[in-house]
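The values are calculated or read from the model by the stated rules, or taken from the named source; none is laboratory data. Nothing here was measured: the structure is a model prediction, and the numbers come from that model. Neighbour counts are summed over all protein chains in view; Cβ atoms, including those assigned to glycine, are modelled from backbone coordinates with ideal geometry.
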Amino acid sequence: MCGRYILAQQAKFERELRLGRIDWSFSARYNVAPSQSVPAVRVIEGVHEGVMMRWGLIPFFAHGVPPRYSTINASIERLQSAPAWRGPCKRGQRCIQVAAGFYEWHLEANGRKQPYFVHLTDHEIFGFPGLWDRSIAADGTVIDSCALVTVPANELLRDIHNTGAHPGRMPAILAPADFDLWLEGSAPQARAALRAYPARRMAAYRVSTRVNSPKTEGAELIEPARGDEPSALHLLRPVTLGSPPARCGRRGAPSTEPLVEQLAPPVHAEAATDGAQHERGAETHVCPDPPADRAEHYRADEGE
DNA sequence: CCAGACGTTGTT
DNA sequence: GTCTGG
DNA sequence: CCAGACGTTGTT
DNA sequence: GTCTGG
């Protein structure tokens, strides 16, 4: 899963995003932690806007009070059933938390928590598909917050989280070209976008435990750990672009997760805030599905 | 996610 | 707000 | 019916 | 052990 990540410079994201409204402000970061304000893209009335939102979703029914339980990750299996995710899902409140890489921890035999930096080898930046919600505190303060979606881990992340029994988790990841699929696609298209990124287009390496503390910051956090040796985790060497497909060789049963119900199409901001408290009026506008050809364009790339 | 705190009374 | 547990 | 929860991951 | 803060 994902509880810490990094950001590239704001301009780098804006060059790839074609935003209609820029309401965010941030610099390159190397240790973004939950509860912090993070940059995200959402579509309001057809306008792609870059905004800052609290990472750790505060449901509208929580009235601005952060829950005691964790709401930084939304498991794909629970999007439709969990109260915290269900509302945003129904209202189509999808967003993308932009990122340039993230960290995962490997618990070693001696109890040490060894962090790994994970990134894509084919894209400098990417996005975590997420959900957002708006919560209003007793004093009227409006808080927009978000959570990123997690899926069963691919080979790379499964090895970092070397737990035996269960599959292990990782954040769903979108290449820039697929951002709009999640933000504006039909329910099935958005659903299809939630997949583990192919392991062969990702790489991971050990970094200093300095990143363990959420108070540290700086580019040195993503430098390879000093004195690194080929570890027992032989699979954790960087994977290079164009490496052999490594297709087949599927070990174990393919994880047959129960199919998640469909997501609602995105709706307007008014519907998002009003719809929660009131009956849907006839004027409530639901975005029409985009042309279906996009669905074909989105080729399945499973099997990692 | 990890790190760090985890409590009270009553005030220099 | 909505669902589960008692 | 009302009260209480509302979440995730990994368990070296 | 468990919760809060970043």
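Quick check: is even one residue across the range A:72-84 assigned to a strand (DSSP E or B), in contact (Cβ under 8 Å) with a residue 12 or more places away in the chain and charged (D, E, K, R)?
Within the range A:72-84 (the criterion being assigned to a strand (DSSP E or B), in contact (Cβ under 8 Å) with a residue 12 or more places away in the chain and charged (D, E, K, R)), the answer is no, since none of the residues qualifies.
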field: Residues within the range A:79-110 that are surrounded by fewer than 20 Cβ atoms within 10 Å (Cβ to Cβ) and more than 12 Å from DNA strand C (Cβ to nearest atom), tallied
entry: 6
query: Of the residues A:A74, A:A33, which is under 11 Å from A:C146 (Cα atoms) and either within 13 Å of DNA strand B (Cβ to nearest atom) or buried (at least 20 other Cβ atoms within 10 Å of the Cβ) (or both)?
result: A:A74
query: Among the numbered criteria (1) crowded, with 24+ Cβ neighbours inside 10 Å; (2) within 13 Å of DNA strand B (Cβ to nearest atom), which single criterion is violated by A:D133?
result: (2)
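Yes or no, residue by residue, for (1) β-branched (V, I, T); (2) in a helix (DSSP H, G or I); (3) within 20 Å of the chain's Cα centre (by Cα); (4) at pLDDT below 60:
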{"site": "A:R200", "(1), (2), (3), (4)": "no, yes, yes, no"}
{"site": "A:R206", "(1), (2), (3), (4)": "no, no, no, no"}
{"site": "A:R210", "(1), (2), (3), (4)": "no, yes, no, no"}
{"site": "A:T240", "(1), (2), (3), (4)": "yes, no, no, yes"}
{"site": "A:R247", "(1), (2), (3), (4)": "no, no, no, yes"}
{"site": "A:T256", "(1), (2), (3), (4)": "yes, no, no, yes"}
{"site": "A:V260", "(1), (2), (3), (4)": "yes, no, yes, yes"}
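Name the residue that is nearest to A:L131 (Cα to Cα), counting only residues in the range A:93-111 that are within 9 Å of DNA strand D (Cβ to nearest atom) and touching a helix residue (DSSP H, G or I) at 6+ places or on another chain (Cβ under 9 Å).
Taking the range A:93-111 as the starting set, the residues that turn out to be within 9 Å of DNA strand D (Cβ to nearest atom) are A:104-111.
Keeping just the survivors that are touching a helix residue (DSSP H, G or I) at 6+ places or on another chain (Cβ under 9 Å) gives A:104-106.
On the way: A:E104: 21, A:W105: 24, A:H106: 27 Å.
My answer is A:E104.
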- line: Note: among A:R86, A:R78, A:R29, just one is away from DNA strand D (no atom under 13 Å from the Cβ) and not hydrophobic (A, V, I, L, M, F, W, C), namely A:R29
field: Given (1) within 16 Å of DNA strand B (Cβ to nearest atom); (2) surrounded by fewer than 18 Cβ atoms within 10 Å (Cβ to Cβ), index of the condition A:T121 fails
entry: (1)
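Residue-wise test of (1) part of a helix (DSSP H, G or I); (2) of a type in the set (S, T, Y).
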| position | (1), (2) |
| --- | --- |
| A:D139 | no, no |
| A:A147 | no, no |
| A:T150 | no, yes |
| A:L157 | yes, no |
| A:N162 | no, no |
| A:P167 | no, no |
| A:A177 | yes, no |
| A:D180 | yes, no |
- prompt: Counting only residues that are at pLDDT below 95, small (G, A, S) and under 18 Å from the mean Cα position of the chain (by Cα), how many does the range A:124-178 have?
  reply: 1
query: When only residues in the range A:45-71 that are more than 16 Å from DNA strand C (Cβ to nearest atom) and under 13 Å from A:G130 (Cα atoms) count, which is surrounded by the fewest Cβ atoms within 10 Å (Cβ to Cβ)?
result: A:G56
- prompt: What residue, of A:A137, A:A153, A:A82, is more than 16 Å from DNA strand E (Cβ to nearest atom), more than 30 Å from A:R18 (Cβ to Cβ) and out of contact with any Pro (no Cβ under 9 Å at 6 or more places or on another chain)?
  reply: A:A82
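To keep it simple, each residue is scored yes or no on (1) touching a residue at least 24 places away in the same chain (Cβ under 8 Å); (2) out of contact with any helix residue (DSSP H, G or I) (no Cβ under 6 Å at 6 or more places or on another chain); (3) under 22 Å from A:P88 (Cβ atoms).
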residue: A:V151; (1), (2), (3): yes, no, yes
residue: A:G168; (1), (2), (3): no, no, no
residue: A:P171; (1), (2), (3): yes, yes, yes
residue: A:A187; (1), (2), (3): yes, yes, yes
residue: A:R201; (1), (2), (3): yes, yes, no
residue: A:T216; (1), (2), (3): yes, no, no
